[in-house]
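Written below as structure tokens is the structure these notes are about.
Quick note: the coordinates plus some simple rules give every number you see, no bench work behind them. These numbers were taken from a predicted model, which means no experiment stands behind them. Reconstructed Cβ throughout: ideal geometry from the backbone, glycine too, with neighbour counts over all protein chains shown.
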Amino acid sequence: MKVILPVAGKGTRLRPHTHTKAKSLVHVAGKRVLEHIVARLLQLSVAEYIFIVDENGGQIEEFMQQRFPDLNCSYIVQKERKGPAHAVWLANTHIAKGDDLLIVFNDTIFDAELSRISELCKDYDGLIYSKEVLDYQRFGVNVVEDEMIVNMIEKPDTPISRLAQVGLYYLKDGCSFMGYLTKTIDAGDMVKGEFYLPAVFMRMINDGLRLKAPEIDAWLDCGKPETILETNAYLLQGRHHIHGDADNCVFIEPVHIEHGVTIKDSVIGPNVSIASGSIVERSIIKDSIINASSIVRNMVLTDTILGDNVHLISSAKKMNIGDHSLIEMQG
């Protein structure tokens, strides 16, 4: 099996956290987003991990060499922004006859039993992993009849289907799939100037290929600050790890405190992850992510994401307040 991971893209919805780093290297629940994704692929027998990168590709390569040095990785730069299907197509020279193919986009951490791929795809040519959602209008959805995909609709106005595509795809014949990608690009089949995978899959369906839409157990969006905080809380469920140094602190489960963190006189949690090298003193923090080497002093934080090397420092307030007073401090 070959795995294609398109990790190019500016991550504009995650700014300012993606001004200086690739969006797949943002922290969530004690790990980089990319680490969560790759760890879920280790159960598979993968011959090559093919990363489609942008100008931040050096960060991706350095991270993979440090965290997963034994994996066979290749890196291809997407110089032109022509959409996700174009990004996948750039890996065509790495796909040989007999290769099956898994495509994993990096905005999403998934929970799925990938060990069942062969079983699920026994009578099919591919799997378009899906998840039933309420806000179907935001996604491309699969229309299914007798377990087989018969149509795909991008952002439907009516609930013709609630099975949203989650950015995880398996193709039994990688070479054939690359051929369909080439046909789509040669035909100029674009939407708003970009190539998208549904046009490729519809070509396959119209030619009689059979695609299935298995549902994943969890679809964890890491594309926006508010959803990455929700993902952080989900991934911390059942985990409570305090590896750093703590003095006179209260921890409300679950939290993940990495090695090299120092915390004093603080209340931390629930749903807080703090990365290595950070210092927290005299603060209350809940539902937040503190990235590496940051300093927080005399703060009350909730629903907060701090990037690397952030210094957030306040001071205690001195007050002299008489009887029957009402003081409301918003912030």
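Here are the numbers for the structure shown:
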read-out: Sorted by Cβ density within 10 Å, fewest first, the residues 255, 88; value: 255, 88
read-out: Per-residue ³J(HN,Hα) for the range 124-139, Karplus 6.51 cos²θ - 1.76 cosθ + 1.60, θ = phi - 60°, Hz, x for Gly and Pro; value: 10, 9, x, 10, 10, 4, 9, 8, 6, 10, 7, 8, 4, 5, 8, 10
read-out: Kirkwood Rh (inverse of mean 1/r, distinct Cα pairs), the range 218-271, angstrom; value: 12.0 Å
read-out: Label of the coordinate-derived value, Rg/Rh (Cα atoms, Kirkwood Rh), listed as (1) 1.04; (2) 1.12; (3) 1.31; value: (1)
read-out: Dipole axis of the chain (+1 Lys, Arg; -1 Asp, Glu on Cβ), positive-most option in 278, 120, 196; value: 278
read-out: Of 264/286; 172/192; 97/131, those spanning more than 25 Å from alpha-carbon to alpha-carbon; value: 172/192; 97/131
read-out: Kirkwood Rh and Cα Rg combined as Rg over Rh, evaluated for the range 157-241; value: 1.08
read-out: Inter-probe distance in nm under a simple model that places probes 7 Å from Cα toward Cβ, at residue 207 and residue 70; value: 3.8 nm
read-out: The range 130-281: relative contact order in percent, alpha carbon pairs under 8 Å with at least 6 residues between; value: 16 percent
read-out: Listed residue pairs exceeding 30 Å between alpha carbons, taken from 82/155; 79/212; 79/122; value: 79/212; 79/122
read-out: Expected-Rg normalisation [2.2 N^0.38 Å, Cα atoms] applied to the range 70-156; value: 1.29
read-out: Gaussian network model of the chain, Cα within-10 Å springs - most flexible of 191, 53, 141; value: 191
read-out: Dipole moment magnitude, nearest 20 debye, the range 262-331 about Cα centre, only Lys, Arg, Asp, Glu C-beta charged; value: 220 debye
read-out: Separation in nanometres of the label points that stand 7 Å from Cα toward Cβ, at residue 80 and residue 148; value: 3.6 nm
read-out: Global geometry of the range 256-331, whether rounded, prolate or oblate, following the gyration tensor of its Cα atoms and the 1.5 cut on a/c; value: prolate
read-out: Cβ charges +1 (Lys, Arg) and -1 (Asp, Glu), total dipole of the range 229-289, debye; value: 40 debye
read-out: GNM top mover of 232, 106, 248 - the chain, alpha-carbon springs below 10 Å; value: 248
read-out: ³J(HN,Hα), Karplus 6.51/-1.76/1.60, whole Hz, each residue of the range 296-312, x for Gly, Pro; value: 10, 9, 6, 10, 10, 10, 9, 6, 10, 10, 10, x, 6, 6, 8, 10, 10
read-out: Sparsely packed GluC sites (Glu not before Pro) within the range 126-204, loop by DSSP, other Cβ within 10 Å at most 13; value: 147
read-out: Counting DSSP beta bridges with both ends in the chain, the antiparallel % (nearest 5); value: 35 percent
read-out: Positive-end extreme of charge dipole, the chain - chosen from 1, 84, 103 (charges on Cβ); value: 84
read-out: Farthest positive-ward along the chain dipole, Cα basis, beta-carbon charges - from 69, 324, 49; value: 324
read-out: Amide H contacts of residue 264 (H built 1.01 Å from N, under 5 Å, at least 5 apart or other chain); value: 247, 280, 281, 282
read-out: Relative contact order (%) - criterion: Cα under 8 Å, at least six apart; region: the chain; value: 15 percent
read-out: Among 307, 174, 238, residue whose mean-square fluctuation peaks in a GNM of the chain (springs only between Cα atoms under 10 Å); value: 238
read-out: Dipole magnitude of the chain about its Cα centre (Cβ charges: Lys, Arg +1; Asp, Glu -1), debye to nearest 20; value: 700 debye
read-out: Rounded, prolate or oblate (a/c below 1.5 giving rounded, otherwise prolate when a/b exceeds b/c) for the range 102-253 by Cα gyration tensor; value: prolate
